[in-house]
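Let me begin by presenting the structure, written as structure tokens, before commenting on it.
The values are calculated or read from the model by the stated rules, or taken from the named source; none is laboratory data. The structure presented is a predicted model; accordingly, all values stated were derived computationally and were not measured. Cβ atoms come from the backbone with ideal geometry, glycine included; neighbour counts cover every protein chain shown. Surface accessibility is based on the protein's heavy atoms, side chains included, excluding ligands, DNA and RNA. Shrake-Rupley method; radii C 1.70, N 1.55, O 1.52, S 1.80 Å.
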Amino acid sequence: MTDKPRIWLSSPHMGGKEIDFIQQAFTQNWIAPLGPNVDGFEKELGQYTGVDHVAALSSGTAAIHLALILLGIERGDEVLVQSFTFCGSSNPILYQGATPVLIDSERDTYNMDPDVLETAIKDRIQKGKKPKAVILVHLYGMPARVDDIIEICQRYEISLIEDAAEALGSSYKGRKAGSFGVFSVLSFNGNKIITTSGGGALLSQNEEMIAKARFLATQARDTAPHYEHSELGFNYRMSNICAGIGRGQLEILDKHVARRREINQWYKETVSREGISFLEEPNDDYFSNHWLSVMQVDEQKAGISREQIRLAFLDENIESRPTWKPMHLQPLYQEFPFYGAGVGQDLFENGLCLPSGSNLTEAEQERIQNVLSDIFS
Ligand SMILES: *Cc1c(COP(=O)(O)O)cnc(C)c1O
């Protein structure tokens, strides 16, 4: 071990203006889950992504939960979801008592394989139940094969929920991630590309649906002088303080995307060798924010395992992390149907996420480079 300070995978990186928005909230005493920063953040997120209506919420997971409720997903319904993802994508299906049907990934983008998706839809229909929604993820900021997935969803008339939690600032064919779903979801958790210290957003072109989302997110309070409830609501709104952080963060988002992309390029140049590959944009249609740089290690060819690399980093107090463990391999999801041939499992077993924060310093990059040179010498 070492007494050198920790290098994180991805840590909060303030731009400077956040504190001004918070100060304003204090001055005006808007210390509540509503206020001018919440309204402003929603408007600015809409402008950035090109989506008309946005509800700022307490988390990305809450946003996916509300999307499922607004689509009428109930106990017994089936929802198709990318298996190779973080549990925030899929757990809301279980909150609703519905059944997740887990779909494998393709190697190129790490995201939902359109062919597997269609096979699964056909098989579920044949078994007697048409799935009601698809949850698509842009993992590590890499856009999914969006056109193909949308075409399949339209052909089978299944609603698309776009989980863009990791992909704010990414785009596909020039259109921003977060603008492709019937509902789209963003996250501002502490380790995401921008943070509100914790938060999320639900986006849609449907004004009525976003109004309903705001209603459900504030305990579904009916119009009355007292508290009257005819529907089940949640406490899912974002606070005016957190939204202030978000407004400051949005101002430097593109700068931070550029820096993460630069770091990704640096990794590719630093580790160019047999047996090592990186998650890369397949062609010019894809623009990734490269939220995290991800390395795949072919142990036979590289002469070293993913785990050996992770431990070598740890010895130098540098955080790296295996890629997401697919949901179909998780004890919690064991009983649910999975369609695929093990691509996600392979990407999990050999994948390593590398320190990628936009605040990574040159000195930190040098420490990382030293570990990599040691390993591969
Ligand atoms: C972070 C994340 C979420 C959930 O967001 P929270 O704000 O942490 O609830 C959902 N899906 C993916 C893919 C994520 O990375």
Item to complete: Using Cα centres only, tell me the gap between segment 174-201 and segment 51-115 in whole Å.
Response: 14
Worksheet item: Taking a 27 Å limit on the Cα-Cα distance, which of the listed pairs 176/255; 43/212; 212/255; 130/173 fall beyond it?
Response: 212/255; 130/173
Response to the item:
Per the rule of 0.36 nm per residue minus the C-alpha distance, extending residue 231 to residue 155 adds in nm 24.1 nm
Worksheet item: So who's got an amide H within less than 5 Å of the one on residue 110, skipping anything under 5 residues away but keeping other chains? H placed 1.01 Å off N, in plane.
Response: none
Worksheet item: What list of ³J(HN,Hα) values in whole Hz, one per residue of segment 100-113 in order, does the Karplus curve 6.51 cos²θ - 1.76 cosθ + 1.60 (θ = phi - 60°) give from phi, with Gly and Pro shown as x?
Response: x, 10, 8, 10, 6, 9, 9, 5, 4, 10, 6, 9, 3, 7
Item to complete: Enumerate the amide H contacts of residue 57 below 5 Å, restricted to partners 5 or more residues apart or on another chain; note that Pro and chain-start residues carry no placed amide H.
Response: 200, 201, 202, 238
Discussion item. I want to check the label-to-label distance for residue 221 and residue 321. Put each point 7 Å from Cα in the C-beta direction and report it in nm to one decimal.
Written reply: 3.5
Discussion item. Given a 1.4 Å probe and heavy atoms of the protein chains only, how would you sort 30, 8, 266, largest accessible area at the top?
Written reply: 8, 30, 266
Item to complete: Report, as a whole number in µm² per second, the diffusion coefficient that Stokes-Einstein gives for segment 31-176 at 10 °C and 1.306 mPa s using the Kirkwood radius over alpha carbon pairs.
Response: 99
Worksheet item: Counting only the heavy atoms of the protein chains, how much of residue 367 is accessible to a 1.4 Å probe, in Å² to the nearest 10?
Response: 40
Worksheet item: Counting each DSSP H run of 4 or more residues in the chain as -39500 (n - 2.57), what helix-only mean residue ellipticity at 222 nm follows after dividing by all residues, to the nearest 500 deg cm²/dmol?
Response: -12000 deg cm²/dmol
Practice prompt. At 7 Å along the Cα-to-beta-carbon direction for both residue 370 and residue 6, put a label point, then send me their distance in nm to one decimal.
Written response: 2.0
Worksheet item: Among 332, 94, 216, which one shows the biggest mean-square fluctuation in a GNM of the chain, springs joining Cα atoms closer than 10 Å?
Response: 332
Worksheet entry | Relative contact order, percent, segment 4-120 [alpha-carbon distance under 8 Å, six or more residues apart] | 16
Worksheet item: Short version: ³J(HN,Hα) in whole Hz for each residue of segment 346-352, in order, from phi by Karplus 6.51 cos²θ - 1.76 cosθ + 1.60 (θ = phi - 60°), x for Gly and Pro, what are they?
Response: 5, 5, 6, 5, 10, x, 9
Item to complete: For the chain, with a Gaussian network of springs between Cα atoms less than 10 Å apart, report the residue from 249, 300, 365 with the top mean-square fluctuation.
Response: 300
Practice prompt. Please report the relative contact order for the chain, taking Cα pairs under 8 Å with a sequence separation of at least 6, and give it as a percent rounded to a whole number.
Written response: 25
Discussion item. From the phi angles alone, apply the Karplus equation (6.51, -1.76, 1.60; θ = phi - 60°) to segment 294-300 and give each ³J(HN,Hα) in whole Hz, x where the residue is Gly or Pro.
Written reply: 10, 10, 9, 10, 8, 4, 4
Practice prompt. Using a 10 Å cut-off on Cβ atoms, rank the peptides 193-199, 36-42, 312-318 from the highest mean neighbour count down.
Written response: 193-199, 36-42, 312-318
Discussion item. Quick check: from the Cα gyration tensor, does segment 216-346 come out rounded (a/c under 1.5), prolate or oblate?
Written reply: prolate
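Please say if segment 291-341 is rounded, prolate or oblate, where rounded means a/c under 1.5 for a ≥ b ≥ c the square roots of the C-alpha gyration tensor eigenvalues, and otherwise the choice is prolate for a/b larger than b/c and oblate otherwise? Walk me through the numbers on the way to the answer.
Details: a/c = 2.61, a/b = 1.82, b/c = 1.43.
In terms of gyration-tensor shape, prolate.
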Response to the item:
Taking a ≥ b ≥ c as the square roots of the eigenvalues of the Cα gyration tensor, with a/c under 1.5 meaning rounded and otherwise prolate when a/b exceeds b/c and oblate if not, the chain is oblate
